[in-house]
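Structure record follows, encoded as structure tokens.
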Amino acid sequence: MRGHKRYPHSLLNAVLLATLLVHNISAEEQEWPEEWYAPFRTASEIGLTTFSDSPRLYVGDIDHPNFQNLPPLEERLPKDPIVVYPLRETGHHGGIARLTQHDLWQFFQWEAAFTISADMRTFFPNLAEWFELSEDGLTLTIKLRDGIKWSDGVPLTSHDFAFTFNDLWNNDEYSPETYRIVEGSKVVVVDDLLFRYEFPTPRPLFINFVAQYGDFMIDAKHFMKDFHPYYTDKDELDQRIKDYEALNWTQLVNDIRREGSDDSVEVPTLRAFKLVERSSMKRKYLRNPYYPKVDPEGRQLPYIDQINMETVENAEIMAAMASTAQVDFAAFALRTQDIPLLKLGERNGAIKVHIWQRLHSSDVAIQPNYNYEDERYRELYWDIRFRAALSHAINRDELNEIIYFGRGFPRQVTVHPSSSFFKEEWEKRYLEYKPEYSKELLDEIGAVDLDGDGYREFPDGSRLTITLEFYDFETPKGITMELVQEYWRQIGIDLRLKLVDGNLQRERAVAGEMQMTLWHADRVTDILFPLFPDWWVARSISWDRGMWNDWSRWYMKEGEAGVEPPPVMRDLQQSVDNMWVAMDEAERHRIGQKMLAIGSENLWVIGTVGLAPHPVVVSSRLKGVPEKGIWGWDNRWTLANHPATWYIDEGAR
């Protein structure tokens, strides 16, 4: 199974076309390059023999070791450079981009062994020349491209992948609980450019994992080994920990890897830009002079010379900065309800507001806690009639008009329409607005208004009050739940909303202490659904899901902790195990669709509105950003749109 298979992209284009028609944008204007749906070509394959780089590298104003005494460009590029095609036309070198911390990683993307096609289904070689999964699924072999270098000029080798996987991820001290798909696996180095992942059981979905988790899976061993106890004298390492004011070597490694230390400026990177200055509020990045990709005319990417990043925490300030062109690209922290303000900013020509589509199956996925400590709530939540009553009481058409300007899609939580697992019937179940029917279902359960105050009680006569705690971030969760609160009040449900910060959300959700919570439903494409079907099966513990962490704990600890789930969930857990090892793609689809069908029938989580419009604000000077796109975690936001090909036009307005 060599990693060069190509799939037609007509389905994704159909999804995009539906969005385009809503926004009166011609399909011709939106058409993405065919090259975005195919494996990268190389310079030799298109007959490219001459290359050029940015004049900025030679003006002598960059005071950083990575930019001193650089060898010629041909020695910095791979032996056969990767060619990346821009949206429409090739750009030019130069310019400084202004960003906030929210959009930094969307602007210059991860570089991994594999990458994700624009169809959100297919994986292509990136840093790898090729990859091959064995017929038994027990090994994934990767051949790296010859001549790729870290930003300090040191060659990328198999040992860099082995260091991260064997010495960090599989180190109990560094990673006491890691991804289940990693357990029992190891990297075996064959030579500097050839290595393989070896698994104890078939792991066909590990390809998805490598592609989506990107350079979390690669570290520059020649640099990072100085902070690891396997490779460093204990006294020397202890002194480094003390000098960095870290608690231990694991914190030290994390801080350095994640730009959490001033010394992160020394860490080599494979990305398009290199961190060179860091403070609490600002960072400066310069183009990576060893970046392995060029445009079709031989210009080394990225086009942009420098990124200046400023930390901005307030969402309103962020939206104001975007609307007044104080940043060149803004999207991550912007909200659908910001669109009117942002559109006003278009009037002077300084910005353009592109409307992309979030890939989230539902912007708000409401999660009853089936493991809540109070038995009354556990019994009530487990009754499908109660979940159906709550769902039918939500006026999603009104939500869509008020919050999304009529441009979202009322739907339950299921996979994205681009997914090969998708069936339309699953997004429509329990969707119709029928509040009177909701009341009938609640009466049938025995949750009735005993004291005539307009709110229902449990069958034992105690007040039925639901506290829903949530972290209001990314999607319009707060305004959605204020409307849902009123919808549920009309059927007699006393819903109390409680805003929490991210840390408290993490603590209480993982501990199972929330009666009810919510998050947005991503991990719904062919990239991540088969790998992490967490909206449908209790199989992992996470801060963004509070439905069934005790059942997940039981599964993860093989019955030695947590609470044994009911038979339907045990069957689903076994289904995940079967899907992960199934080498036959048709069998994986059969299992995946079984999980989705059971999830649709049981309404484990309650969806609201999904596939919603998302504002992407681009200054008039930034070129090459698509007018339409799919925005979300699964596809790494802008990965398939190749932000290294975006460029600055200083004369544009």
Check: How much of the accessible area of the stretch 324-389, in percent, comes from carbon and sulfur atoms when a 1.4 Å probe is used?
Finding: 49
Note to self: Report the gain in length on full extension from Ala586 to Leu344: 0.36 nm times residue separation, minus Cα-Cα distance, nm rounded to one decimal.
What the structure shows: 82.2 nm
Item checked: Whole-percent pair-distance distribution, where bins are 10 Å wide, for the alpha carbons of the chain -> 3, 15, 24, 27, 20, 9, 3, 1, 0
Checklist line | Carbon and sulfur %, accessible surface of the stretch 394-499 computed with the full protein complex present, 1.4 Å | finding: 45
Notebook entry, point to check: What are the ³J(HN,Hα) values, in whole Hz, obtained from phi via the Karplus relation 6.51 cos²θ - 1.76 cosθ + 1.60 with θ = phi - 60°, for each residue of the stretch 222-238 in sequence order, with x given for Gly and Pro?
Noted result: 4, 9, 6, 5, 5, 10, 10, x, 5, 10, 10, 4, 4, 5, 5, 5, 4
Item checked: In the stretch 140-223, the chymotrypsin sites (Phe, Trp or Tyr not before Pro) that fall in loop regions by DSSP, at most 15 other Cβ within 10 Å -> Tyr179
Notebook entry, point to check: If you plug each phi of the stretch 381-397 into the Karplus form 6.51 cos²θ - 1.76 cosθ + 1.60 with θ = phi - 60°, what whole-Hz ³J(HN,Hα) values come out, in order, with x for Gly and Pro?
Noted result: 5, 6, 7, 4, 5, 5, 5, 5, 4, 4, 5, 5, 7, 8, 8, 5, 4
Margin query: I'd like the FRET efficiency for Asn69 and Glu34, computed as 1/(1 + (r/R0)^6) with the beta carbon distance as r and R0 of 41 Å, rounded to 0.05.
Written below: 0.50
Next item on the list: Could you state the angle between the C-alpha long axis of helix 10-22 and the longest principal axis of the C-alpha atoms of the chain, as a value from 0 to 90 degrees rounded to the nearest 10?
Entry: 70
Item checked: Three principal axis lengths of the stretch 348-419 [C-alpha, angstrom, descending] -> 59, 25, 23
Item checked: Cα pair distances in the stretch 317-390, grouped into 10 Å bins until the bin that holds the longest one, percent each -> 16, 32, 15, 16, 17, 4
Next item on the list: Please give the per residue accessible area of the chain, computed with a probe of 1.4 Å over protein heavy atoms only, in Å².
Entry: 39
Margin query: Taking amide H atoms as placed 1.01 Å from N in the peptide plane, list the residues 5 or more away in sequence, or in a different chain, whose amide H sits under 5 Å from that of Lys149.
Written below: Leu156
Next item on the list: Could you compute the FRET efficiency for Glu444 and Arg41, with r as their C-beta to C-beta distance and R0 at 41 Å, rounded to 0.05?
Entry: 0.05
Next item on the list: Taking the dipole about the Cα centre of the stretch 59-140, with the C-beta of Lys and Arg at +1 and of Asp and Glu at -1, give me whichever of Leu99, Ala112, Leu138 is farthest to the positive side.
Entry: Leu99
Note to self: For a test of the definition: using alpha carbon positions, the gyration tensor, and the 1.5 limit on a/c, classify the stretch 476-552 as rounded, prolate or oblate.
What the structure shows: prolate
Note to self: Given the DSSP H assignment, sum -39500 (n - 2.57) over each helix run of at least 4 residues in the chain and divide by its residue total; what's the result at 222 nm in deg cm²/dmol, nearest 500?
What the structure shows: -8000 deg cm²/dmol
Next item on the list: Compute the distance in nm between two label points, each set 7 Å from the Cα along the Cα-to-Cβ direction, one at Ser264 and one at Ser52.
Entry: 3.5
Checklist line | Residue-wise HN-Hα coupling along the stretch 290-306, computed from phi with Karplus coefficients 6.51, -1.76, 1.60 (Hz; x: Gly, Pro) | finding: 10, 4, x, 10, 10, 8, x, 9, x, 6, 5, 8, x, 6, 6, 7, 8
Notebook entry, point to check: FRET efficiency for Lys557 and Arg378, Cβ-Cβ distance as r, R0 = 25 Å, nearest 0.05?
Noted result: 0.75
Next item on the list: Report the far tail of the P(r) of the stretch 403-552, meaning the percent of Cα-Cα pairs longer than 20 Å.
Entry: 61
Check: Considering amide H positions built from the backbone, and no H for Pro or chain starts, which residues 5 or more places from Leu87, or on another chain, come under 5 Å of its amide H?
Finding: none
Check: Between the stretch 577-609 and the stretch 261-289, what's the alpha-carbon centroid distance in Å?
Finding: 41
Check: Among 263-273, 530-540, what's the highest-first ranking by average C-beta atoms within 10 angstrom per residue?
Finding: 530-540, 263-273
Check: Cα convex hull of the stretch 105-217: mean projected area in nm², to one decimal?
Finding: 7.8
Notebook entry, point to check: What part of the accessible area of the stretch 166-270, given as a whole %, is carbon or sulfur when the probe is 1.4 angstrom?
Noted result: 44
Notebook entry, point to check: Among Tyr372, Met579, Thr465, whose Cα lies farthest out toward the positive end of the dipole of the chain, if unit charges sit on the beta carbon of Lys, Arg (+1) and Asp, Glu (-1)?
Noted result: Met579
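The values are calculated or read from the model by the stated rules, or taken from the named source; none is laboratory data. Treat the numbers as computed from the prediction; the structure is a model and nothing was measured. Quick reminder, even Gly has a Cβ in these numbers, built from the backbone with ideal geometry, and neighbours come from all protein chains shown. Protein only, heavy atoms only, side chains kept; ligands, DNA and RNA dropped before computing areas. Shrake-Rupley method; radii C 1.70, N 1.55, O 1.52, S 1.80 Å.
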